[in-house]
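Below is one structure, written out as structure tokens; comments come after it.
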Amino acid sequence: MKISYAHMGTATYAVEALLSRLGHEVIVPEPPTQDTLTLGTKYSPEFACIPFKMVLGTYLEVLERGAEVLVSGGGMGPCRAGYYGELHKRILGELGYDPEMIFFWPPLKTPRAFLRKVKRLKENASWFRVLGGLRLLWEKIKVLDGLEQLSHRLRPQEINRGSISKALERALDMIREADTVDETREAHQRGEKLLRSVKVRDVDPDELLRVGIIGEIYVQLEPAANFYLEEKLGELGAVAKRSIFMTDFTKEDVLNLKDESIEELAEPYIPENIGGHGRDSVGETIHYAKEGYDGVVQLAPFSCIPEIVAKSIMPALSDKMGIPVLTLFIDEQTGDAGIGTRLEAFVDMMRSRRRALSRTAAPGAD
């Protein structure tokens with residue numbers, strides 16, 4: 001079958017490997033563009049969030065390229081994202097499309113439904129091949145996350161702007177071309193070597209600003225949705241550390257191995273599950289403050305209720321924990337220049353704040 005899915009950062013390439021291993025013709029989605037968002041916005045409810053609109057635009061693009069089946073996933077709970085698969089299907093139907101949609105819930109919460117959908121997805125592939133595909137998927141997720149994290153650490157030190165991003169793009173292509181677990185590991189070593197070969201300044205890592213990134217999963221993982229925030233921060237001299245990578249999501253939301261320490265940190269402020277990653281955003285902010293980070297950027301789709309609730313707590317939390325928090329609400333009206341300007345000002349403020357704190361802590365300071 002001709003199968004596709006929504007683009008979501010580097011995870012796109014890991015999913016491609018699994019579906020190809022199962023014998024499908026994979027219509028790999030292109031990174032979303034402004035045209036993708038405009039297309040999705042045109043047919044979406046007015047107050048739908050940017051992940052809904054961008055994913056819908058992606059579906060329309062891959063359907064035009066011949067996709068017959070769309071695979072998606074989502075969580076369970078108060079967040080509206082659990083309804084998105086059905087809403088997307090209805091909108092596509094009204095537009096004259098009739099794709100089969102296979103929508104996965106967390107497997108441990110709906111094991112029978114999950115197994116039934118896996119059987120549909122595997123078609124004629126053996127279970128041995130399915131297990132091999134899952135093993136390859138997991139290996140690719142791990143190494144893709146590892147290369148991204150390395151690039152975030154190195155980018156603030158690059159001598160030639162954009163050199164780390166170019167090296168990362170080549171490294172990701174190496175991972176994408178790998179067909180086996182062993183080839184993936186070898187590609188990871190070559191990719192890491194490539195990134196480390198980029199000329200960088202000799203800077204003490206402790207001198208670099210550190211910025212935590214929190215918020216809703218799609219706008220964290222999809223660079224097109226957050227205006228390539230991590231690249232921008234790196235080029236401004238700050239090491240970005242986002243709170244969600246696909247390895248974390250797989251462990252916590254798929255395998256139900258939640259990091260209870262983050263929930264415990266958030267519990268005094270949000271004792272109940274409010275859906276999405278709202279409670280995590282509060283807990284992660286406290287975590288970053290305790291780890292000595294210079295600031296936090298909250299990424300929130302406009303109209304996302306869990307992140308709106310978290311945002312309402314941030315001013316008091318910022319004062320109490322002594323860490324600046326910049327919230328960026330993102331929708332189709334958000335512009336790249338505006339994001340860049342706000343980040344530049346935030347980085348300047350963090351740098352000034354660090355200098356002031358250093359003077360205060362210096363021997364003999366009043």
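A few notes on this one:
- Semi-axes of the equivalent ellipsoid for region 208-366, Cα gyration tensor, largest first, Å: 25, 20, 14
- Most mobile of Val296, Val143, Val181 in a GNM of the chain (Cα contacts under 10 Å): Val181
- Residue among Ile214, Ile270, Ile330 with the largest mean-square fluctuation in a Gaussian network model of the chain, springs linking Cα atoms under 10 Å: Ile270
- Sorted by Cβ density within 10 Å, fewest first, the residues Met174, Met246: Met174, Met246
- Helix-derived mean residue ellipticity, 222 nm - over the chain, DSSP H n ≥ 4, -39500 (n - 2.57), to 500: -17000 deg cm²/dmol
- In nm, spacing of pseudo-spin labels at Leu108 and Ser20 (7 Å Cα→C-beta vector): 3.1
- Prolate/oblate/rounded call for region 2-125, Cα gyration tensor, a/c under 1.5 rounded: oblate
- Which of Val325, Val347, Val203 has the fewest Cβ neighbours within 10 Å, and the rest in rising order: Val203, Val347, Val325
- Between Leu209 and Val239, the built amide H atoms are under 5 Å apart, and every one of these is 5 or more places off in sequence or on another chain.
- Amide H within-cut-off set for Thr10, under 5 Å, with H built and near neighbours excluded: none
- For region 1-77, applying the loop criterion from DSSP together with a ceiling of 11 other beta carbons within 10 Å to the chymotrypsin sites (Phe, Trp or Tyr not before Pro) yields Phe47.
- Which listed pairs, of Lys2/Lys119; Lys2/Lys117; Lys42/Lys166; Lys53/Lys122; Lys2/Lys166; Lys89/Lys119, have C-alpha distances above 23 Å, in listed order: Lys42/Lys166; Lys53/Lys122; Lys2/Lys166
- Across Pro31, Pro156, Pro205, mean-square fluctuation computed from a Gaussian network of the chain (C-alpha pairs under 10 Å connected) peaks at Pro205.
- Relative contact order (%) - criterion: Cα under 8 Å, at least six apart; region: region 208-366: 26
- Alpha carbon convex hull of the chain, volume per residue in cubic angstrom: 141
- Kyte-Doolittle mean at least 0.0 and Cα axial length at least 27 Å: DSSP H helices in the chain: 127-154
- For Gly73, residues with placed amide H under 5 Å, excluding near neighbours: Phe104
- Long-range lysine pairs (8 or more apart or interchain), region 208-366, Cα under 18 Å: 4
- Mean-position separation - Cα centroids, region 159-189 and region 14-81, in angstrom: 25
- Antiparallel %, DSSP beta bridges [both residues in the chain], to 5: 5
Values in this text are rule-based calculations from the coordinates and carry no lab data. Quick caveat, the model's predicted, so the values are computed rather than measured. Note that we place each Cβ from the backbone using ideal geometry, even for glycine, and neighbour counts take in every protein chain shown.
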